[in-house]
Amino acid sequence: MINKNILEVELPVMEHFYTLQGEGFHQGKAAYFIRLGGCDVGCVWCDVKDSWDAEKHPKYNIEFIISNVEKTAAKLVVITGGEPLMHNLDALTAALLSKGFETNIETSGAHILSGSWDWICLSPKKFKAPLPEILPFANELKIVVFNKSDFDWAEEYAAKVSPSCKLFLQPEWDKAAIVTPLIIEYIKANPKWELSLQIHKYINVP
């Protein structure tokens, strides 16, 4: 039984929806996404800049958030943003785990790690580098490739995460035609990496 105080904790939610995970290790799996408002990383190519200002988004308590997840057949819940670790996520993940959901997070790692996670996807950004203490906990390292210099960035962080961490290179969507061939050749030369594509954008789902 979850403490009622936990269920009353509020978080700014930009959007929440049930769809397929389009990226990385869990690509193709059904997942309920909770996109939290607030981000101070400032990626110039961000495709959800509306998420940056947390004050623009309504605050929902955890009981309401979970009630919406339970209306679906979801087993996997992905917390994303924005930068979700701008918020303390201990209460949210405690409630989700108590209901039997698998918890995943997508984060730049630029803020202190909170919450209990079955899977941590770390996507470090040059605009605000991740905190060193999150690196050992990453299950997946996903580097967005915007230009050739991002391969060096990718290798820098591949050397810092655990040996069991899955390594992915993902083309920045607006430059995909240019950088995808570069990524393919890079992976062929460095097969420890895998290709991540934003398949949700190809199949037109959220």
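We did not get these values from a lab; they are worked out from the coordinates using the rules stated. Everything quoted here is computed from the prediction, not taken from an experiment. Quick reminder, even Gly has a Cβ in these numbers, built from the backbone with ideal geometry, and neighbours come from all protein chains shown.
Could I have the simple spin-label model distance between ALA176 and ASN88, label points 7 Å from Cα toward Cβ, reported in nm to one decimal?
4.0
What's the extension gain from GLU133 to GLU155 if we count 0.36 nm per residue and subtract their Cα-Cα distance?
Full extension from GLU133 to GLU155 adds 6.1 nm.
How many percent of DSSP beta bridges within the chain run antiparallel, rounded to 5?
That works out to approximately 30 percent antiparallel.
Cysteines of the chain lacking any other cysteine beta carbon under 4.7 Å?
Flagged as lacking a Cys partner: CYS39, CYS121, CYS165.
Round to a whole angstrom and tell me the spacing of the C-alpha centers of segment 1-49 and segment 163-189.
Using only Cα atoms to place each centre, the spacing works out to 24 Å.
When the chain is treated as a GNM, springs tying every alpha-carbon pair under 10 Å, which of VAL44, VAL77, VAL161 comes out with the largest mean-square fluctuation?
Looking only at VAL44, VAL77, VAL161, the biggest GNM fluctuation is shown by VAL44.
What ratio of Cα Rg to 2.2 N^0.38 Å holds for segment 8-78?
This ratio for segment 8-78 stands at 1.18.
Report the full-extension gain for the segment ILE2 to GLU55: residue separation times 0.36 nm, less the Cα-Cα distance, to one decimal in nm.
16.3 nm
Under the rule of -39500 (n - 2.57) per DSSP H run of 4 or more residues, summed and divided by the residues of the chain, what mean residue ellipticity at 222 nm is obtained, to the nearest 500 deg cm²/dmol?
The per-residue figure over the chain is -6500 deg cm²/dmol.
Taking 26 Å as the cut-off for C-alpha to C-alpha distance, list the pairs among LYS126/LYS166; LYS75/LYS142; LYS29/LYS56; LYS75/LYS148; LYS29/LYS126 that go past it.
LYS29/LYS56; LYS75/LYS148; LYS29/LYS126
As an exercise, identify the chymotrypsin sites (Phe, Trp or Tyr not before Pro) in segment 112-206 lying in DSSP coil whose Cβ has no more than 15 other Cβ atoms within 10 Å.
Passing sites in segment 112-206 are PHE127.
In terms of the Cα gyration tensor, with a ≥ b ≥ c the square roots of its eigenvalues, is segment 88-206 rounded because a/c is under 1.5, prolate because a/b exceeds b/c, or oblate?
Verdict is prolate for segment 88-206.
Which net charge results when you count Lys and Arg as +1 and Asp and Glu as -1 among the other residues whose beta-carbon is under 13 Å from that of GLU156?
Here the count lands on 0.
Using the number of other C-beta atoms within 10 angstrom as an exposure proxy, rank THR103, THR19 with the fewest first.
Placing the least packed residue first, the sequence is THR19, THR103.
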